[in-house]
Amino acid sequence: MLKKKKTEDIENNGAEINESTPQNEQGQAEIADSAEQKLKDEVTQANDKYLRLYAEFDNFRRRTQKERVELLQTAGKEIIVSLLPVLDDFERAERAMESSTDVEAVKEGVALIQNKLNNILSQKGLKPMQSIGNTFDPDLHEAITNIPAPTDDLKGKVIDEMEKGYTLGDNVIRFAKVIVGA
């Protein structure tokens, strides 16, 4: 009898579940549809945020690239403008050489122009390297040739300089072309 009662209870519960299933399925379908719609909305919002962020980054990249190009152009402009007075001085010296008979005055004028040019370039950070008498350094010097050293203490050192080397700030912009004692 106990078995019979349990079997009836199970059948009744099954019937109750079967009777409520159409309503539950409809409710579950609505919940699933609303959850699906929420997920679709979230995906749409995420894609929108992604596209906006990508566009913003692309604009930033273009803007910085444009600023970099403008900076390079204006840096060159500043140096050229500062060198224009030297160019004017050379033109005046050329005109003076045509009519001048005094060689010493022309030499003095050219020396003044050279000093002016050196001052302008040193203000911009250009510094000449001192090479003669120093130990040969391949990071600073370019050896053109080796010659026998006149004394033993000049072996491996720079004996003569064919072209001066220059640094701009801490960077070598032109290596000194030197003759090294062997």
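The values are calculated or read from the model by the stated rules, or taken from the named source; none is laboratory data. Since we're looking at a predicted model, the values are computed, not measured. Cβ atoms come from the backbone with ideal geometry, glycine included; neighbour counts cover every protein chain shown. Heavy atoms of the whole protein, side chains included, go into the accessibility calculation; ligands, DNA and RNA do not. Shrake-Rupley method; radii C 1.70, N 1.55, O 1.52, S 1.80 Å.
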Taking only region 160-182 into account, find how many residues are basic (Lys, Arg) and either within 10 Å of LEU140 (Cβ to Cβ) or in a strand (DSSP E or B) (or both).
-> 2
Filter region 168-182 for residues that are touching a Lys or Arg at 6+ places or on another chain (Cβ under 8 Å), of a type in the set (A, V, I, L, M, F, W, C) and more than 25 Å from LYS124 (Cβ to Cβ); the one that is least open to solvent (accessible area, probe 1.4 Å) is VAL180
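Residue-by-condition table, conditions (1) more than 30 Å from GLY76 (Cβ to Cβ); (2) modelled with pLDDT under 85:
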site	(1), (2)
GLU108	yes, no
LEU112	no, no
ASN118	no, no
LYS124	no, yes
ILE144	yes, no
LYS157	yes, no
In region 135-167, anything within 10 Å of VAL180 (Cα to Cα), over 29 Å from the mean Cα position of the chain (by Cα) and open to solvent by 70 Å² or more (accessible area, probe 1.4 Å) is listed as THR135, ILE144, ASN146, PRO148, LYS155
Out of curiosity, is VAL110 without any contact (Cβ under 8 Å) to a residue 40 or more places away in the chain, within 25 Å of GLY165 (Cα to Cα) and surrounded by 12 or more Cβ atoms within 10 Å (Cβ to Cβ)?
-> yes
Across region 72-131, what is the total count of residues that are assigned to a helix (DSSP H, G or I), within 33 Å of the chain's Cα centre (by Cα) and aliphatic (A, V, I, L, M)?
-> 12
Being assigned to a loop (DSSP other than H, G, I, E, B) and charged (D, E, K, R) is the filter here, so list the residues in region 132-159 that pass it.
-> ASP137, ASP139, LYS155
